[in-house]
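Remarks on the structure that follows.
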Amino acid sequence: MKNLALVAASLLLVSASASADRLYLAGDALAYGWSLDDAQALLSAPDNSNLFSGTIYLKGGQDFKLLTTTDFGNLEYGSAEDSENGRYTLAAGTNDEGYGKLRVAADGNYLITVDLEAMSATLELSAYQETPVQYSSLFMVGSATNGGWSVDEGTPMYQNPETPVEFSAKGDLLEGTFKITTAIKGGGTWNGKYWFFRNADNEALMTLDQEGDLQWNISEAGSYIVTGNVATGAISIKSNTDTSVADMAADLSEAVYYTIDGIKAENPAHGLYIRVQGGKASKVLLR
């Protein structure tokens, strides 16, 4: 029976790793606890489907884990052993079996970086501590997006790791409208508390849970940059013809480098590093 369980876990690992572009956070360490309707997503890097990152507020001394879907009972990730300097070796399993939980020592906003190829996770206290960070990603949904009105196929807005209340998406939009959801599963209920709408008095502002289902309008198909700040409510939609989705938010912040062991490199020299910039993480070889 034990061998069969290991085979089943291995099959889950292969299947989910090949298709997942998000990891979901759940646990007592999160403000929303175990509610998967509210579960926040870590997004994979556009150029590396094994690397995920996002900043969010975590409660010290409380547990959490990583899910590959918005339902329990599927492939999940947790710790294989106790952390060392905020770096965990990951283990895969399901229903709390096959792994331990992740945790941080003190309350605060943390940049979480997950590498499923190396099976590691790094939890680093963010420089941004002005206000608790509620969201690690946002998603644009509507007829103006490639995913249409499918919440599951929402266009991701990537988080700026240095100012993690700011989110940005770059890419093609169609003629039509869109609004922004804060959570994939909760957004699928169409409950207004999971949606940012166009402010009734000012289209340059976004308002959470507003009556009227007011949306932003894209009058001409093309390439756009959409940037929203959940702290100030400011949103901008600008034409963009010179960048691609792979460059998502790269100009919003300077790159931060980590060693493969998850240690921040203040002055990276020659070698292999993990670079985190503009809400994405990627392995780079500096020469």
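The values are calculated or read from the model by the stated rules, or taken from the named source; none is laboratory data. On a predicted model such as this, the values are computed, not experimentally measured, just so you know. FYI the Cβ positions are ideal-geometry reconstructions off the backbone, even for glycines, and counts take in every protein chain you see. Ligands, DNA and RNA are excluded from the accessible area calculation, which covers all protein heavy atoms including side chains. Shrake-Rupley method; radii C 1.70, N 1.55, O 1.52, S 1.80 Å.
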Tensor-based shape of the stretch 77-145 (alpha-carbon gyration tensor, a/c under 1.5 rounded, otherwise prolate or oblate):
oblate
Which value, in Å², gives the accessible area per residue of the stretch 128-190 when a 1.4 Å probe is used on the protein heavy atoms?
36 Å²
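Net charge within 11 Å of ASN109 by Cβ-Cβ distance, Lys/Arg positive one each and Asp/Glu negative one each, not counting ASN109 itself?
That sum, taken over residues with Cβ under 11 Å, equals -3.
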Between beta-carbons, use under 10 Å as the cut-off and find the net charge around GLY188, counting Lys and Arg +1, Asp and Glu -1.
-1
Dimensions in Å of the stretch 28-143 - Rg and Dmax from alpha carbons:
13.7, 46
Over the stretch 25-95, with the other protein chains present, what is the accessible area per residue in square angstrom, probe 1.4 angstrom?
35 Å²
